[in-house]
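Single-structure report; data block below.
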């Protein structure tokens, strides 16, 4: 119960830093009770929650920000802060993809393009069948090498400004395809949410401004027509 309350508070940005501290402590407590059911997604959550405790995550898009504006304790956009905690998150994300790619390159199945053939036949992890992969050696090899290339790009090319958004979109598509075909709880959604930390602030500002522009561009609701009885009385 305590962990759920802390996670809700962290999601809404209510007492953000305190919620992050409580969420981290309770998550570690839950993980230590039964480590046999965990996967890499749980480990990533622990690491990112620890770094999130030292970030200024509540300075924007949060109830803490809204409460500060209502109370008059802050005005205007949030003050610029050195994003060292976010930078550590980005480095951690790249380490995850780098280590994954390195381990895969050591296996012959990934270099010869047959790894996806074997992973889609792990019946314990199967979620939905993918017959178009099972019936085509060309598709199997393309998917194997493409997933390996995307993981390599997520730890290297993602730092190149011109390529960043394309690499992030490919990363999301990779995780969605794995989520569709394989039953690996939590991991894919954790990694997709972590990719948000790699988005450049300028791109995020443009996206928010675009949403605000569309919201203000919505037509105003039409005035309610005056009932005929009221018109007669007014006349």
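I'd like to check something: does the stretch 86-105 contain any residue that is over 17 Å from the mean Cα position of the chain (by Cα) and assigned to a loop (DSSP other than H, G, I, E, B)? Looking for residues that are over 17 Å from the mean Cα position of the chain (by Cα) and assigned to a loop (DSSP other than H, G, I, E, B), one finds none in the stretch 86-105, hence no. The single condition among (1) outside any loop (DSSP other than H, G, I, E, B); (2) modelled with pLDDT of 90 or more; (3) closer than 28 Å to residue 46 by Cα that residue 204 does not meet is (2). Output the residue which, of all residues in the stretch 61-79 that are touching a helix residue (DSSP H, G or I) at 6+ places or on another chain (Cβ under 9 Å) and in a loop (DSSP other than H, G, I, E, B), is modelled with the highest pLDDT. Once the filter is applied, the top-ranked residue is 62.
Among the residues of the stretch 129-142, those identified as in a helix (DSSP H, G or I) and surrounded by 16 or more Cβ atoms within 10 Å (Cβ to Cβ) are 133, 140, 141.
Being assigned to a helix (DSSP H, G or I), out of contact with any strand residue (DSSP E or B) (no Cβ under 9 Å at 6 or more places or on another chain) and surrounded by 16 or more Cβ atoms within 10 Å (Cβ to Cβ) is the filter here; which residues of the stretch 113-126 pass it? 115, 116, 117 - these are the residues of the stretch 113-126 that are assigned to a helix (DSSP H, G or I), out of contact with any strand residue (DSSP E or B) (no Cβ under 9 Å at 6 or more places or on another chain) and surrounded by 16 or more Cβ atoms within 10 Å (Cβ to Cβ). Go through the residues of the stretch 34-41 one by one and say whether even a single one is touching a residue at least 12 places away in the same chain (Cβ under 8 Å) and in a helix (DSSP H, G or I). The answer is yes, given that some residue of the stretch 34-41 is touching a residue at least 12 places away in the same chain (Cβ under 8 Å) and in a helix (DSSP H, G or I). Filter the stretch 80-105 down to residues that are out of contact with any helix residue (DSSP H, G or I) (no Cβ under 8 Å at 6 or more places or on another chain) and more than 26 Å from residue 171 (Cα to Cα), then give me how many there are. Of the residues in the stretch 80-105, 2 are out of contact with any helix residue (DSSP H, G or I) (no Cβ under 8 Å at 6 or more places or on another chain) and more than 26 Å from residue 171 (Cα to Cα). Exactly one residue out of 110, 145 is crowded, with 17+ Cβ neighbours inside 10 Å and over 19 Å from the mean Cα position of the chain (by Cα), and it is 110.
The values are calculated or read from the model by the stated rules, or taken from the named source; none is laboratory data. Everything quoted here is computed from the prediction, not taken from an experiment. Virtual Cβ from ideal backbone geometry, glycine too; neighbours counted across all protein chains shown.
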